[in-house]
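Let me begin by presenting the structure, written as structure tokens, before commenting on it.
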Amino acid sequence: MSSTNERAAVILAAGMGTRMKSALPKVLHRIAGKPILGHVMDAVAAAGVERIIVVTAPAGQSVRDYAAARGAHCVIQHSQLGTGHAAAAARPALADFAGRLVVAYGDMPLVASDTFAASFAAQAQTGMAIVAFNSTNPSYGRVIAEKDGRLARIVEYRDASADERRVTICNAGIMAAPAPQFFDWCSRLSNDNSQGEYYLTDVPLLARQDRVACAIVMAEETEMMGVNSRGELAAAEAEMQRRLRSAALANAVGLQAPDTVFLSHDTVLESDCTIGPYVVFGPGVTVKSGAEIKAFSHLEDCVVHEGAIIGPYARLRPGADIGRGAHIGNFVEVKATKVGDGAKANHLTYLGDASVGAGANIGAGTITCNYDGFFKYRTEIGAGAFIGSNSALVAPVTIADGAYIGAGSTISGSAVAKDALCFTRAPRKEIQGWAHDFRERKAKEKSLSKKEK
Ligand code: UD1
Ligand code: MG
């Protein structure tokens with residue numbers, strides 16, 4: 001048996017999520033780039049939970065794969081007979097567990113870890129705890145409190161009397177209890193209610209019969225938002241973005257138009273970096289202090305070092321590593337490429353599977369031709385090299401330090417030597433008066449053809 005102080009979480013995710021009308025299970029839809037279930041798992045883990053049990057539907061294999069890959073234990077609720085029945089499905093997985101548990105719903109991505117921590121703290125004082133919030137929304141169960149502020153019972157809105165329906169304290173669905181007793185109460189639940197379901201919300205009544213009182217922890221309604229439809233998914237995303245933007249501003253990030261910037265759950269923006277309007281951060285981005293991301297840039301899984309300037313209209317894809325003071329300008333795409341300190345690629349360029357040395361200058365329209373339809377190859381560009389505009393660098397190819405590539409060249413084969421000039425341009429040919437003669441000839445032809453008509 002484990003110690004009575006250990007913490008576990010039972011996350012209910014066996015619902016069908018039919019209102020999403022999606023092939024992807026509801027809890028795997030993403031908010032700020034992370035599945036909804038991942039947000040719940042991370043929040044309980046941050047509240048000191050060591051063991052996470054995710055309750056899934058028989059068809060929820062992809063949910064089990066996701067949760068198991070992140071260290072959770074998954075169980076199957078074979079038929080959806082209610083939230084109390086779902087929680088009870090975790091019992092075998094916690095048979096050896098003598099600690100405390102919190103039950104949470106897998107579709108509530110906005111619950112803060114502090115709220116889970118507060119429910120454990122209140123449970124330690126009282127015996128049990130639930131989380132409640134103020135709302136007049138009829139879809140929530142009503143929390144009926146005793147005069148001393150402890151819980152009398154929770155009544156589902158559809159089962160409630162007119163008086164009970166006027167109560168605005170609502171049940172969030174989060175419940176903390178000692179695990180062995182909790183499962184005992186679950187096994188005593190009945191389904192004698194309007195839905196014919198085993199309600200988790202009846203557990204506190206059974207606890208009261210065993211003289212275990214239940215505290216009520218109050219939280220904000222926005223935190224308790226559940227995702228059931230595309231509209232609610234978008235609303236939860238908006239709330240998460242609001243939080244991420246406020247956190248960035250509080251960390252002294254220069255967000256010029258915060259409402260237009262889209263962040264991921266793990267975006268690292270160091271203080272004193274500047275982010276212009278309409279910038280999108282996919283997962284895995286770090287922007288260091290003093291760097292600037294100009295408007296309409298799109299970044300994912302990349303690092304921008306101190307003082308670098310990106311955009312406007314730049315795209316940094318996975319593996320882009322932009323050195324200190326480097327410039328990546330408009331319509332430049334960078335993938336799996338390390339760009340050295342102070343290097344510049346300011347216009348209309350693709351750098352993929354490459355390295356660009358410090359201080360190199362990549363001219364407008366330069367393309368690393370990294371793919372032959374089967375394999376990818378590398379392009380190495382040395383420090384201080386100069387790549388003339390509209391050059392195609394056919395990988396694998398190396399341009400040594402300080403070399404110049406003439407504009408309009410297609411470079412393939414052996415390495416271009418240090419400090420060399422290399423170009424593949426066709427020689428220039430100029431015919432004096434040709435254009436004048438051509439125009440005269442064509443004008444004559446045209447007037448003759450008109451006369452014939
Ligand atoms: C539940 C609460 C209600 C509360 C509301 C908050 C009960 C009886 N009612 O109602 O008091 O105000 O949440 O949002 O608990 N699930 C399963 N297996 C099942 C049934 C549900 O895993 O057999 C899961 C669902 O996937 C979902 C969660 O439990 O994540 C909640 O179920 P749902 O049917 O949405 O409960 P509500 O009717 O909203
Ligand atoms: Mg619900």
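Please treat every number below as a calculation from the coordinates, not as lab data. Just so it is clear, the model here is predicted, and its values are computed rather than measured. Positions of Cβ are backbone-derived with ideal geometry, glycine not excepted, and every protein chain shown enters the neighbour counts.
Packing order of peptides 171-181, 201-211, highest average first: 171-181, 201-211 (average count of other Cβ atoms within 10 Å over each peptide's residues). Helix 36-46 and the longest principal axis of the Cα set of the chain meet at an angle near 70°.
The phi-based Karplus calculation (6.51 cos²θ - 1.76 cosθ + 1.60; θ = phi - 60°) puts the 3J(HN,Hα) values of segment 434-444 at 4, 5, 4, 5, 4, 4, 4, 4, 5, 5, 4 Hz, whole numbers, x for Gly and Pro. When only alpha carbons are used to place a centre, segment 306-353 and segment 390-452 end up 28 Å from one another. Modelled spin labels at residue 16 and residue 418, positioned 7 Å past Cα toward Cβ, are 7.1 nm from each other. Counting only Cβ charges, +1 for Lys and Arg and -1 for Asp and Glu, the dipole size of segment 232-378 around its Cα centre is about 340 debye.
Across segment 129-135, rounded Karplus estimates of 3J(HN,Hα) from the backbone phi angles (6.51 cos²θ - 1.76 cosθ + 1.60, θ = phi - 60°) give 8, 10, 9, 10, 8, 8, 6 Hz, Gly and Pro being marked x.
For residue 277, the shell of other residues with beta-carbons less than 15 Å away shows a net charge of 0, using +1 for Lys and Arg and -1 for Asp and Glu. Take every pair of alpha-carbon atoms less than 8 Å apart whose residues are at least six positions apart; their mean separation over the length of the chain yields a relative contact order of 8 percent.
Relative to the first principal axis of the alpha-carbon coordinates of the chain, what is the inclination of helix 230-250, with its axis defined by its Cα atoms, in degrees from 0 to 90 and to the nearest 10? Roughly 70 degrees, rounded to the nearest 10. Between 0 and 90 degrees, the angle of helix 113-126 with respect to the longest Cα principal axis of the chain falls at about 10 degrees.
Note the full-extension length gain between residue 271 and residue 394 as 0.36 nm times their separation in residues minus their Cα-Cα distance, in nm to one decimal.
Working: separation 123, 0.36 × 123 = 44.28 nm, distance 3.95 nm.
Length difference between fully extended and current span is 40.3 nm.
For 386, 116, the sequence from fewest to most other C-beta atoms within 10 Å is 386, 116.
Annotation: amide H of residue 74 within the under-5 Å range of 54, sequence separation 5 or more or interchain, hydrogens built in the peptide plane.
Taking the Cα centre of the chain as reference, the dipole from Cβ charges on Lys and Arg (+1) and Asp and Glu (-1) amounts to some 1840 debye.
Working from label points 7 Å from Cα in the Cα-to-Cβ sense, the residue 218 to residue 256 distance is 4.3 nm. Its relative contact order, with pairs defined as Cα atoms under 8 Å and 6+ residues apart, puts segment 116-275 at 24 percent. For residue 305, the shell of other residues with beta-carbons less than 13 Å away shows a net charge of -2, using +1 for Lys and Arg and -1 for Asp and Glu. Take every pair of alpha-carbon atoms less than 8 Å apart whose residues are at least six positions apart; their mean separation over the length of segment 7-224 yields a relative contact order of 24 percent.
If you take every residue apart from residue 385 with its C-beta less than 13 Å away from the C-beta of residue 385, what net charge results, scoring Lys and Arg +1 and Asp and Glu -1? Once all neighbours under 13 Å are counted, the net charge is -1.
Neighbour counts of other C-beta atoms within 10 Å: give me 37, 24 arranged from fewest to most. All intermediate terms of the calculation are to be shown ahead of the outcome.
Details: 37 25, 24 13.
Going from sparsest to densest Cβ surroundings: 24, 37.
One chain, two ends: residue 330 and residue 95. Fully extended at 0.36 nm per residue, the span grows by 78.7 nm beyond their Cα-Cα distance. Neighbour counts of C-beta atoms inside 10 Å place 26, 21 in the sequence 21, 26, starting with the fewest.
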